[in-house]
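Peer 1: Before I ask anything, let me first share the structure, which is written out below as structure tokens.
The values are calculated or read from the model by the stated rules, or taken from the named source; none is laboratory data. For clarity, every value in this text was computed on a predicted model and none was experimentally measured. Neighbour counts are summed over all protein chains in view; Cβ atoms, including those assigned to glycine, are modelled from backbone coordinates with ideal geometry. Note: areas computed on protein heavy atoms with side chains; ligands, DNA, RNA excluded. Shrake-Rupley method; radii C 1.70, N 1.55, O 1.52, S 1.80 Å.
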Amino acid sequence: MTFKLLIVDDESTMRKGIAEFMNWNSIDCEVAGTASDGLEAIAFLKQHDADIIITDIKMPEADGLYVAKYVFENCPEKKVILLTGYADFEYAKTAIRYNVSAFILKPTNKKELFEAVQTAQNQIVTSKHTDSIAREKTAFLKEQFLLEMTDHPYQPQFAEKLRQYGLSLQSYYIAAFRLIPYHEDIRSLKKIIIDEKKNAYCYRYNNLIITIYFYNDPEVVLKNCCEIEAITRMLDSREISVGISRFHDTPATFRQAVTEAIRALTLNFYAENNVSFFSEELNEDCDLTAENSLDLFQFESLLLDWQFGDAETLLMNLFAKFKQNFVNAQDVKTICAQLYYICSRITIKNRAKLDYESRFADVDTMTELASLPAEYLNTIRLANDIFTLEKAVTEMFHTLKLSLKDAAGMQGQLAEKARKYIAENIADDLSLEMIADALHISASHLSRTFKKAAGISLTDYINQFRINRAKELLRGTDIYIYAISEMVGYHDATYFSSMFKKLVGVSPSEYRNVDGN
């Protein structure tokens, strides 16, 4: 760190000597400016940065103590070193009152002044470290408090903590951000939100980032959320989903607002920009807590990511909580109905994928795979006990799981057709777009489906296939290496050699010689 100095003295010789004829670089300092009196110094400080002010105490217009008083009251993080030709006790007392770093008698020497500046440097560094620790502690306590407000009904004692942390919940929206696909490491997302949010505060809630927007204009909130979504896609190569609550004007409804934001995430299947506002149509006469909403949201996320084991565990834990806490029967039914609607949304998304692959399956099979019996919902609504509900939801889950796995078989057929096309056209300049066009599907769909079925990206598969074919030719023929390069689709022999060595560990010629021996 380089510390900036401001030199203040009404004697030009003294001012110039300190500013220009001392090796400040040797102690990590540089002179940011000079001033001939206190007023000029204060004007400089209002316009420029300076960490340490070295000032004479006796000057016309405004003296060094005036400067020290200004710094003490307006920018106490800066340090002042006073130079004086008077060993006056009253000066010293005033200097102490203004927290002056050092009080040096003239004539001073280089060693004494350097030591005073280094002391001031240490004070600044220590102060910044202490402030940083204090800010981190405050941020942690604030986040813990917001988590408490999220998970518990509003209590009167919350009002004092809101004042303590400078949070005015009199006009706000809540936005819930999640990464797509679901991922536990959301530090990069939180950093983007912190950097881009305006007049807002965010905190982590499980694997979501909850952001409080202190606005009453929904368009401002929507615009900022869309900006964050676009920046995340550009910088992190991932997408996000955002749910936004209704407008709220009291801290008493904070928990409800967070719940609305999380539930609004489920609407993003119908939103082009992955940002949705909460809708009254989601209510279903249900007063879900934020915890309930998070369970439902995580269940859907796990299904979308094919994490069936975790999804089943979540269901088991959910019913265990129902039984342990004797949750109201109607509330349990409402939550189970939401589970049905989630599974229905998954089948709709699954059907959309199957439509791409209609050439690989007959219509009757597709209809069977893409439907979820309505009897499950009727059973949920008419159930007389928790055990009937649990059985219906469990059967519904297994039905959905089987249909998704059957769809995976169709995805495997599409991947196999892609492999066949690659094998038959290995010498061509293959690309994702070319193969997708040949199979009459979109490039993005082919990319996702191939990776899910093959466990490797299409580009990596093409490179591996080409290198494996080259290895066969190197082993079994005497064809020149540059010709083999052309035969497997690498039209630059140097690039072929580089790619071969990267994947095999030796160059093509080394591979042929070793294999020949």
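Peer 1: Scan segment 397-404 and tell me whether some residue there is at pLDDT 85 or above, outside any helix (DSSP H, G or I) and on the phi < 0 side of the Ramachandran plot.
Peer 2: Keep residues of segment 397-404 that are at pLDDT 85 or above, which gives 397-398.
Restricting the remaining residues to those that are outside any helix (DSSP H, G or I) gives none.
Within segment 397-404, not a single residue is at pLDDT 85 or above, outside any helix (DSSP H, G or I) and on the phi < 0 side of the Ramachandran plot.
Peer 1: Then there's this: So which residues in segment 484-515 are closer than 18 Å to Leu430 by Cα, aromatic (Phe, Trp, Tyr) and open to solvent by less than 50 Å² (accessible area, probe 1.4 Å), if there are any at all?
Peer 2: Taking segment 484-515 as the starting set, the residues that turn out to be closer than 18 Å to Leu430 by Cα are 484-493, 495-496, 499-500.
Filter once more, keeping what is aromatic (Phe, Trp, Tyr): 490, 495-496, 500.
The answer is Tyr490, Phe496, Phe500.
Peer 1: I would also like to ask the following. Write out, first by first residue and then by second, each pair whose Cβ atoms fall under 6 Å of each other, whose residues are 6+ apart or on separate chains, and whose first residue, in segment 1-25, is outside any strand (DSSP E or B) while the second is open to solvent by less than 30 Å² (accessible area, probe 1.4 Å).
Peer 2: The qualifying pairs are Asp9/Asp56; Asp10/Asp37; Asp10/Met59; Arg15/Ile7; Arg15/Asp9; Ile18/Ile7; Ala19/Ile7.
Each row is one residue, and each column tells you yes or no for (1) among the acidic types (Asp, Glu); (2) surrounded by fewer than 22 Cβ atoms within 10 Å (Cβ to Cβ); (3) more than 16 Å from Ala116 (Cβ to Cβ).
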site: Asn25; (1), (2), (3): no, yes, yes
site: Glu30; (1), (2), (3): yes, yes, yes
site: Met59; (1), (2), (3): no, no, yes
site: Glu73; (1), (2), (3): yes, yes, yes
site: Glu77; (1), (2), (3): yes, yes, yes
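Peer 1: With the condition kept exactly as written, say whether any residue in segment 33-55 is at positive phi, part of a loop (DSSP other than H, G, I, E, B) and touching a helix residue (DSSP H, G or I) at 6+ places or on another chain (Cβ under 8 Å).
Peer 2: Checked segment 33-55: no residue is at positive phi, part of a loop (DSSP other than H, G, I, E, B) and touching a helix residue (DSSP H, G or I) at 6+ places or on another chain (Cβ under 8 Å).
Peer 1: For Ile240, work out the one condition from (1) touching a residue at least 40 places away in the same chain (Cβ under 8 Å); (2) under 15 Å from Ile180 (Cβ atoms); (3) open to solvent by 40 Å² or more (accessible area, probe 1.4 Å) it doesn't fulfil.
Peer 2: Ile240 satisfies all of (1) touching a residue at least 40 places away in the same chain (Cβ under 8 Å); (2) under 15 Å from Ile180 (Cβ atoms); (3) open to solvent by 40 Å² or more (accessible area, probe 1.4 Å) except (3).
Peer 1: Would you point out which residue out of Glu416, Glu433 is open to solvent by 20 Å² or more (accessible area, probe 1.4 Å), touching a helix residue (DSSP H, G or I) at 6+ places or on another chain (Cβ under 7 Å), at pLDDT 75 or above and in a helix (DSSP H, G or I)? Walk me through how you get there before you give the answer.
Peer 2: Working: Glu416 fails: touching a helix residue (DSSP H, G or I) at 6+ places or on another chain (Cβ under 7 Å).
Every option except Glu433 fails the conditions.
Peer 1: Here is a list of conditions, (1) at pLDDT 90 or above; (2) touching a helix residue (DSSP H, G or I) at 6+ places or on another chain (Cβ under 9 Å); (3) not in a helix (DSSP H, G or I), and Ala159 meets all of them except one; can you say which number that is?
Peer 2: (3)
Peer 1: So which residues in segment 94-127 are open to solvent by 90 Å² or more (accessible area, probe 1.4 Å) and either at pLDDT below 85 or farther than 15 Å from Ile27 by Cβ (or both), if there are any at all?
Peer 2: Ile96, Arg97, Pro107
Peer 1: Kindly establish whether Ser168 is small (Gly, Ala, Ser) and under 17 Å from Phe145 (Cβ atoms). Outline the logic, then answer.
Peer 2: Values: small (Gly, Ala, Ser): yes; under 17 Å from Phe145 (Cβ atoms): yes.
Judged against the criteria, Ser168 is a match.
Peer 1: To continue, here is another question. Quick one: count up the residues across segment 128-149 that are open to solvent by less than 70 Å² (accessible area, probe 1.4 Å) and modelled with pLDDT of 85 or more.
Peer 2: 7
Peer 1: Here's a follow-up. Can you find, within segment 243-268, the residue that is surrounded by the fewest Cβ atoms within 10 Å (Cβ to Cβ) among those that are touching a Lys or Arg at 6+ places or on another chain (Cβ under 8 Å) and of a type outside the set (Asp, Glu)?
Peer 2: Thr266
Peer 1: Next question, about the same structure. Ser188 is checked against (1) assigned to a helix (DSSP H, G or I); (2) small (Gly, Ala, Ser); (3) within 21 Å of Phe247 (Cα to Cα) and fails just one. What number does that condition carry?
Peer 2: Condition (3) is where Ser188 drops out.
Peer 1: Next question. Counting only residues that are buried (at least 21 other Cβ atoms within 10 Å of the Cβ) and either charged (D, E, K, R) or part of a helix (DSSP H, G or I) (or both), how many does segment 198-228 have?
Peer 2: Result for segment 198-228: 4.
Peer 1: Just give me the residues in segment 179-236 being among the charged types (D, E, K, R), within 26 Å of Phe145 (Cα to Cα) and touching a residue at least 40 places away in the same chain (Cβ under 8 Å), in sequence order.
Peer 2: Answer for segment 179-236, where residues must be among the charged types (D, E, K, R), within 26 Å of Phe145 (Cα to Cα) and touching a residue at least 40 places away in the same chain (Cβ under 8 Å): just Arg204.
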